[in-house]
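Reading through the structure tokens given below for one structure.
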Amino acid sequence: MKSRILHIKNSCLGFVSLALVTGFYSCEKYIAIDTPPNAVGSDNAFTDSAAATAVVMGIYSGIASGNESVVLSSIRYGAMSADEGYYLTNTSFDNFKNNVLAASNDALIQYSNLYRRIGRTNFAIEGLTATTSLSATLKNQLLGEAKFWRAWLYFQLVNYFGKTPLVTTTDALRTSQLPRSEVADVYKQIVADLTDAKQLLGTAYPSLERARINRYVTSAFLARVYLYQSNWAGAEAEATEVINSGVYSLVTDLDKVFLMNSNETIWQISLAGITTPATIMGSEFLPSATTPSFVLYDTLANTFEANDQRKVYWTKSMTYAGKEYWYPYKYKLRNATAGNEYPVMIRLAEMYLTRAEARANQQKVEDGVKDINEVRNRAQILPLPLTLTKDQLLAAVEHEKWVELFTEADRWFNLKRLNRATAVLSLIKPAWKPFQQLYPIPSQELNANPNLEDNPEY
């Protein structure tokens, strides 16, 4: 196999070893890569089913693996930036806790990491679109998964950083100096990718577990995206499709909601290289001994209603230095020695709350109350009256999302979407300034691309 040189901005395509199928190699901008002799190069990556599948599986493993994985980062950074939780004794994340980020902050490698992953999805999309060597069924499945991932990655970028360069090709000469695209244009691409993915994918999961993307995962995420666009009818329709599918149900035993293949799970992440399931959230958030690691803000710990079973089953307390701290206990395992947990990315409770908000904004308040009560009934707290006003229901949904979806990458984005960040966070964060709702663009990215400009006031 002849060596090739591939130049892709913010992304080396890398090559997937058929023996390992664990992802792509990391690289810097404009780095030359020689094809290893035991790997699949870009010429051959989409000529047979095993190689093409390996490329797409590399996207999954690259996004899920490591302490700086996109999955973990999207959860912990948002939780700290909002009012969910923070690291009690690890001060290296205090800039997120206090919302005082600078462009030189090392943790902002997440920006570059997201673009590296987008580069790999672009590689897969281009190759799968062009190939005539695969069956239509496999080609559609893999292409749908790749398009979903590109949409998911851009959703992270646009919600953390705001306007962002829209890279949809592997042609580095065209993309290396792109300016930031308007948020509306990024969302247009997200919706286009998800719409395509939904048409390409079937309703069956393509693996034994709920870790790969199917049509319902795409509908669920599209419901979330439509909510962020204030497309209330679209959000209601997509959430309804998932709720009425008959595939999912709310799990009444709260100890089992986050177990592998829970019937409430719409999409979970399987971590590359881990043969027995365990979550990076468990190892990250649970204390190893007598010192708490990641703790909840008192405002969250104290906002649960009396007898709310979510506080009973999904949080635990520990006394440290004379003070009681609460920490997340949705995941019970710190390691994979006897694992039965995977990170849950989307679950059915979110769909009920999404539909409740969408219905409220369409003056379908009574139906929206019924949706929120599905979630409240499972938590064993009193249902809300059907006589609520629209504004009362919207306030109830915001609160319900806080106590239901904490540490699930929801609160930070929603506070900003609802224009509630300053009102909420200024009460508990003395250094809070409204411009901090967007993260700064990393300085190395600004230096590399003169057409980029940082977010205001950084």
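The values are calculated or read from the model by the stated rules, or taken from the named source; none is laboratory data. This is a predicted model, so every value here is computed, not measured. Every residue, glycine among them, receives a Cβ derived from its backbone with ideal geometry; neighbour counts consider all protein chains shown. Surface areas here come from the heavy atoms of the whole protein model, side chains and all, with no ligands, DNA or RNA. Shrake-Rupley method; radii C 1.70, N 1.55, O 1.52, S 1.80 Å.
If the condition is being at pLDDT below 95, buried (at least 18 other Cβ atoms within 10 Å of the Cβ) and aliphatic (A, V, I, L, M), then the stretch 108-134 contributes LEU108, LEU114. Taking the stretch 316-345 as the range and being open to solvent by less than 50 Å² (accessible area, probe 1.4 Å), hydroxyl-bearing (Ser, Thr, Tyr) and over 22 Å from the mean Cα position of the chain (by Cα) as the test, only TYR325 passes.
Residues that are under 26 Å from THR195 (Cα atoms), part of a loop (DSSP other than H, G, I, E, B) and over 19 Å from the mean Cα position of the chain (by Cα) within the stretch 235-263 comprise ASN244, SER245, GLY246, VAL247, TYR248, SER249, ASN263, listed in sequence order. Per the listing SER181, SER245, SER176, the residue uniquely more than 25 Å from ALA64 (Cα to Cα), open to solvent by less than 50 Å² (accessible area, probe 1.4 Å) and free of Cβ contacts under 8 Å to residues at least 40 places away in the same chain is SER181. Can you say whether MET57 is within 26 Å of LEU157 (Cα to Cα), open to solvent by 10 Å² or more (accessible area, probe 1.4 Å), touching a strand residue (DSSP E or B) at 6+ places or on another chain (Cβ under 9 Å) and at pLDDT 90 or above, as far as the supplied structure shows? Yes; evaluated as a whole, the condition is true for this residue. Close Cβ contacts (under 6 Å, 6 or more residues apart or on different chains) running from residues in the stretch 422-434 that are more than 22 Å from ALA301 (Cβ to Cβ) and modelled with pLDDT of 95 or more to residues that are part of a helix (DSSP H, G or I) and open to solvent by less than 70 Å² (accessible area, probe 1.4 Å) comprise PRO434/THR422. Among the criteria (1) under 30 Å from THR299 (Cα atoms); (2) out of contact with any Leu (no Cβ under 6 Å at 6 or more places or on another chain); (3) open to solvent by less than 40 Å² (accessible area, probe 1.4 Å), the one GLY202 does not fulfil is (1). In the stretch 152-169, the residues that are part of a loop (DSSP other than H, G, I, E, B) form Cβ pairs under 7 Å with partners that are of a type in the set (Asp, Glu), at six or more places apart or across chains, as follows: LYS163/GLU182; LEU166/ASP185.
Assessment of the stretch 303-315 against the conditions (basic (Lys, Arg) and surrounded by 16 or more Cβ atoms within 10 Å (Cβ to Cβ)) yields at least one matching residue.
Just for the stretch 285-300: of the residues that are in contact with an Asp or Glu (Cβ under 9 Å, 6 or more places away or on another chain) and open to solvent by less than 30 Å² (accessible area, probe 1.4 Å), which one is farthest from SER92 (Cα to Cα)? Among those that are in contact with an Asp or Glu (Cβ under 9 Å, 6 or more places away or on another chain) and open to solvent by less than 30 Å² (accessible area, probe 1.4 Å), it is LEU300. Scanning the stretch 370-415 for residues that are more than 25 Å from the chain's Cα centre (by Cα) and within 17 Å of ALA235 (Cβ to Cβ) yields LYS370, LYS390, LEU393. Counting only residues that are farther than 18 Å from TYR313 by Cα and of a type in the set (A, V, I, L, M, F, W, C), how many does the stretch 365-388 have? The qualifying residues number 6. For the stretch 346-386, which positions are hydroxyl-bearing (Ser, Thr, Tyr) and open to solvent by 10 Å² or more (accessible area, probe 1.4 Å)? Passing the criteria: only TYR352.
Of all residue pairs spaced 6 or more apart or on separate chains, those with beta-carbon atoms under 6 Å, a first member in the stretch 396-409 that is over 19 Å from ALA358 (Cβ atoms) and a second member that is in a helix (DSSP H, G or I) and of a type in the set (Ser, Thr, Tyr) are ALA409/SER74.
Mind checking whether some residue in the stretch 187-198 is under 23 Å from LEU405 (Cα atoms), open to solvent by 10 Å² or more (accessible area, probe 1.4 Å), among the basic types (Lys, Arg) and not in a loop (DSSP other than H, G, I, E, B)? Taking every residue of the stretch 187-198 in turn, none turns out to be under 23 Å from LEU405 (Cα atoms), open to solvent by 10 Å² or more (accessible area, probe 1.4 Å), among the basic types (Lys, Arg) and not in a loop (DSSP other than H, G, I, E, B).
Looking at the stretch 218-232, is at least one residue in a helix (DSSP H, G or I), closer than 30 Å to GLN363 by Cα, over 17 Å from the mean Cα position of the chain (by Cα) and free of Cβ contacts under 8 Å to residues at least 24 places away in the same chain? Scanning the stretch 218-232, I find no residue that is in a helix (DSSP H, G or I), closer than 30 Å to GLN363 by Cα, over 17 Å from the mean Cα position of the chain (by Cα) and free of Cβ contacts under 8 Å to residues at least 24 places away in the same chain, so the answer is no. Could you tell me whether any residue of the stretch 135-144 is at pLDDT 95 or above, surrounded by fewer than 18 Cβ atoms within 10 Å (Cβ to Cβ) and among the β-branched types (Val, Ile, Thr)? Looking for residues that are at pLDDT 95 or above, surrounded by fewer than 18 Cβ atoms within 10 Å (Cβ to Cβ) and among the β-branched types (Val, Ile, Thr), one finds at least one in the stretch 135-144, hence yes. Taking the stated definitions as given, is ILE269 among the hydrophobic types (A, V, I, L, M, F, W, C), within 27 Å of GLN363 (Cα to Cα) and touching a residue at least 60 places away in the same chain (Cβ under 8 Å)? Criteria not met by ILE269.
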